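Where a number appears in this text, it was derived from the coordinates with a stated rule and is not lab data. Keep in mind that what you see is a predicted model, and the values were worked out from it rather than measured. Every residue, glycine among them, receives a Cβ derived from its backbone with ideal geometry; neighbour counts consider all protein chains shown.
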Amino acid sequence: MDKEAKRSLIILYHNEGKSASVISKILSINRWIVYRTIKRYKETSNTQNRFRKGRPRSVRTPAVRKLVRERVRKNPVRSIQGMEKDFNISTRSMRRIVKEDLGLKCYKFREVQLLSEVNKRCRYEKCLILRKRFIGGTHQSIVFSDEKIFTVEMAYNLQNSRILAPDQKSISSSIRTIKRTQKPASVMVWGAITSDGRRPLVFIDKGVKINKEVYVESILENALKPWAGEHFNGTHWVFQQDSAPSHKAKMTSEWLKLNVPEFISTEEWPASSPDLNPMDFCIWSILESRVCAKPHKNVESLKSSLRREWDLISEDVLRAAVDNFYKRLSLCIAAKGNTFEELD
């Protein structure tokens with residue numbers, strides 16, 4: 001092991017709280033070398049010697065690689081920047097150790113639905129039935145529906161949202177900071193899509209709770225029924241909804257039996273399955289990324305943007321999202337009802 005690698009290990013063990021005596025025994029080096037290295041690190045924040053001519057020795061030694069591998073094996077939730085500080089080596093060297101020497105890649109966290117064993121079994125069984133029911137492309141006649149709350153605040157992704165600038169000082173605080181309030185102004189929206197179209201958004205008035213009466217009268221009777229009649233023009237279609245309380249009500253079921261050619265009942269639709277509804281796994285996120293890229297001054301501005309961007313979602317996107325629903329049924333079945341989006 002070369003000197004630079006030993007220095008990096010000394011600082012690593014020092015940061016872990018080990019004494020100079022213990023470090024000297026672990027690395028089989030003189031205790032005074034350990035003291036001197038730690039002292040230089042505290043004074044200069046690095047362990048480098050004074051400038052010398054010639055190419056510096058590499059810190060990518062077998063010992064350092066082994067230690068990095070062991071750390072990742074014990075806990076893979078690590079950042080290159082964090083390990084760079086722990087080992088006191090450059091970002092470039094740590095990146096090369098991780099990616100080139102150890103062959104590791106960085107992956108993002110993914111949020112998935114928490115599922116019980118009962119949920120998984122029900123999802124598996126219901127997906128089998130739905131896949132058989134909509135074989136041969138008949139899923140393209142399904143009208144998928146859902147509700148979502150949008151706020152006037154800016155939506156951003158901690159992992160991907162970045163600001164490009166030559167330095168921090170050149171970024172104004174109005175751009176770099178995202179203001180949050182405890183209860184931002186918001187609006188609830190009901191939307192519905194099929195493979196070749198979408199129903200104009202329905203905005204729920206502030207303070208109105210979507211109970212069975214509101215759902216049947218304001219959404220199903222006044223919004224869904226006239227649009228579907230015009231859009232499908234007498235051809236067969238199927239209505240989908242999730243298992244919200246107002247959707248499961250007897251009043252709702254009776255209305256659907258009398259007014260819709262066919263529907264997926266709340267007993268037939270897999271519970272806890274936003275990963276199966278195109279509105280959830282695709283359309284809402286597209287709409288939010290476009291509408292909430294910047295904050296809105298008021299709810300009316302938010303509504304205006306929602307209407308505009310909703311109408312701009314292309315039929316190619318709608319068709320792909322609906323087709324993906326059928327593919328996801330098979331993925332859910334293959335996963336025995338468990339989450340599957342890492343396979344998608």
Worksheet item: Looking only at residues in region 22-37 that are touching a residue at least 12 places away in the same chain (Cβ under 8 Å) and farther than 15 Å from LYS3 by Cβ, which one is surrounded by the most Cβ atoms within 10 Å (Cβ to Cβ)?
Response: TYR35
Worksheet entry | Whichever residue in region 203-227 is aromatic (Phe, Trp, Tyr) and within 30 Å of the chain's Cα centre (by Cα) and, among such residues, is nearest to LYS250 (Cα to Cα) | TYR215
Worksheet item: Would a scan of region 68-76 turn up a residue that is farther than 30 Å from ALA271 by Cβ, touching a helix residue (DSSP H, G or I) at 6+ places or on another chain (Cβ under 8 Å) and among the acidic types (Asp, Glu)?
Response: no
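Yes or no, residue by residue, for (1) within 15 Å of THR194 (Cβ to Cβ); (2) buried (at least 16 other Cβ atoms within 10 Å of the Cβ); (3) in contact (Cβ under 8 Å) with a residue 40 or more places away in the chain:
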{"residue": "ASN233", "(1), (2), (3)": "yes, no, no"}
{"residue": "PHE239", "(1), (2), (3)": "yes, yes, yes"}
{"residue": "LYS250", "(1), (2), (3)": "no, no, no"}
{"residue": "TRP269", "(1), (2), (3)": "no, yes, yes"}
{"residue": "SER272", "(1), (2), (3)": "no, yes, yes"}
{"residue": "ASP275", "(1), (2), (3)": "no, yes, yes"}
{"residue": "ASP280", "(1), (2), (3)": "no, yes, yes"}
{"residue": "CYS292", "(1), (2), (3)": "no, yes, yes"}
{"residue": "ASN298", "(1), (2), (3)": "no, no, yes"}
Discussion item. I need the helices (runs of 4 or more DSSP H) fully contained in region 217-295, keeping only those with at least 3 residues that are in contact with a Leu (Cβ under 6 Å, 6 or more places away or on another chain) and either farther than 21 Å from PHE150 by Cα or of a type outside the set (Ser, Thr, Tyr) (or both).
Written reply: none
Practice prompt. Filter region 81-114 down to residues that are aliphatic (A, V, I, L, M) and crowded, with 16+ Cβ neighbours inside 10 Å and give me whichever is farthest from GLY337 (Cα to Cα).
Written response: ILE89
